[in-house]
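Input: a single structure, listed below in structure tokens.
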Amino acid sequence: MTPNLRVVHAEEVEPDIPSPFIPGTNIQFAWDSTSLDWLKRCPRLYQLNNEGWVPEEESIHLRFGIEYHQSLHDYDIAKAAGIKHEDAIYDVIRELILRTDDFNPDHKQKNRYNLIRTVLGYLDKFNPDPAVTVIRSDGTPAVEVSFQFNLDFGIEITQTNPKTGEDEPAYHPYVLCGHLDRIVEFNGDMYVMDRKTTSSTPGPFYFNQFEPNNQMSLYTIASQITMDSPVKGVIIDAASVKVNESDYVRGFTYRSQEQLDEWLKDLRYWFAKAEDYAAEGYWPMNDTACDKYGGCKFREICSKSPQVRDSWLKAKFKKGEQWNPLKTR
């Protein structure tokens, strides 16, 4: 099952970002790994996240991860531009210190000092790095690559023509989009590289969670289309952030073409379910997933009686920016 290719890089996207939903409906046509993961895990999690509900207090783990990824992104760009390792580290850490002036949580592991230590440790651990950033045909490094492509199936609905006022059939192809941290060449093969942080020590159990894995399958497909070249899979660099030290383990996850075809085939099922939920205006709770991944952030809300649930939601959460997979970085 080969997607109908239409790749859009970040610099080509219009400044006015369109909605990922079909106008006048709750049917999403543009999906990334994040929104698809929400849907697969729990329809209500998908609904509340899509509506933009975020905790009143900033998530320490989210901010830590964002700053960690931004620092490594800055380093990758600097190295691809020919800047020496020591000079690149100096610039990266200086910017990190400036950005995190307001970030010093009282957390044993995820605090400002450990963030800086973890960035420095990673950059020294993988210097020199046998995984080298791919330089694209236009001369730019394959870092923070935004992608967007149509699938060969879509949504058939009836929409009112604003000029004639008459109902007409309309077709919207499904779109997969998102961002790849880095595409690298390693031992003669091409991979996507993804960096993650964890409080555990990464071993076989940790890396087994990526086989199978929604995000890694999409990243492999997207990288193959974006680079127009075979990509073996994803390199996962896991940083174990502990109280007094940070450790690093490099793992790999591979995808065969048959596995990727199956993943795309399954999308038809998941998107059909999303259409059904949107048509009904109801996203059911998957109460078998509430305790997974460290516990859902909406677990306290969903545990309340339905008649008071909205009041608890508004008391514990606030409306933030609505998630939009079409937004580039």
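Computed from the coordinates by the stated procedures, all read-outs in this text should not be read as laboratory data. Just so you know, these numbers come straight off a predicted model, no measurement behind them. Here the Cβ positions follow ideal geometry from the backbone for every residue, glycine too, while neighbour counts run over all protein chains shown.
Can you check what the net charge comes to around Lys273, using other residues whose Cβ is under 12 Å from the Cβ of Lys273 (Lys, Arg +1; Asp, Glu -1)?
Values: positive: Lys40, Arg268; negative: Asp266, Glu275, Asp276, Glu280.
The answer is -2.
With +1 on the Cβ of every Lys and Arg and -1 on the Cβ of every Asp and Glu, and nothing else charged, how large is the dipole of the chain about its Cα centre, in debye rounded to the nearest 20?
Magnitude of the dipole: close to 1040 debye.
What's the whole-number percent of alpha carbon pairs in region 229-303 lying beyond 18 angstrom? Kindly include the intermediate steps, with their values, before the conclusion.
On the way: 1945 of 2775 pairs.
Pairs farther apart than 18 Å: 70 percent.
Please report the antiparallel percentage of the DSSP beta bridges confined to the chain, to the nearest 5.
Counting DSSP beta bridges with both partners in the chain, the antiparallel share is about 80 percent.
If I stretch the segment between Asp87 and Val243 completely, what's the gain in nm (0.36 nm per residue apart, minus their alpha carbon distance), one decimal?
Gain on extension, Asp87 to Val243, equals 53.4 nm.
Only Cα pairs under 8 Å and at least 6 apart count here; give the relative contact order of region 127-252 as a rounded whole percent.
The normalised contact order for region 127-252 reaches 22 percent.
Each label point is 7 Å from the Cα along the Cα-to-Cβ direction; what then is the distance between the points at Asn26 and Lys304, in nm?
Each label point lies 7 Å from its Cα, and together they span 1.9 nm.
Would you please give the FRET efficiency between Glu321 and Ala279, computed as 1/(1 + (r/R0)^6) with r the Cβ-Cβ distance and R0 = 45 Å, to the nearest 0.05?
Calculated value: 0.95.
Using θ = phi - 60° and the Karplus relation 6.51 cos²θ - 1.76 cosθ + 1.60, list the HN-Hα couplings for region 179-188 in order, rounded to whole Hz, with x at every Gly or Pro.
Values, residue by residue: 9, 10, 4, 6, 10, 10, 9, 9, 6, x Hz.
Could you state the number of Å between the C-alpha centres of region 183-218 and region 236-303?
For region 236-303 versus region 183-218, the Cα centre distance is 14 Å.
Based only on other Cβ atoms within 10 Å, what is the fewest-to-most ordering of Thr288, Thr160?
Ranking Thr288, Thr160 by Cβ neighbours within 10 Å, fewest first, gives Thr288, Thr160.
Taking the Cα centre of region 230-322 as origin, sum charge times position over the Cβ atoms of Lys and Arg (+1) and Asp and Glu (-1), and report the length of that vector in debye to the nearest 20.
420 debye
Relative contact order (percent) for the chain, with alpha-carbon contacts under 8 angstrom and 6 or more residues of separation? It would help to have the intermediate numbers written out before the result.
Working: 467 pairs, mean separation 88.4, N = 329.
Taking the mean separation of contacting Cα pairs over the length of the chain, I get 27 percent.
At 222 nm, what helix-only mean residue ellipticity would the chain give, in deg cm²/dmol to the nearest 500, using -39500 (n - 2.57) for each DSSP H run of four or more?
The helix contribution divided over the chain gives -12000 deg cm²/dmol.
Taking the alpha-carbon distance from Lys110 and a cut-off under 22 Å, which lysines remain once sequence neighbours fewer than 8 residues away in the same chain are dropped?
Of all the lysines, those that pass the test against Lys110 - Cα under 22 Å, at least 8 places apart if same chain - are Lys125, Lys196, Lys242, Lys292, Lys297.
Given the chain, what whole percent of its Cα pairs are spread farther than 27 Å?
51 percent
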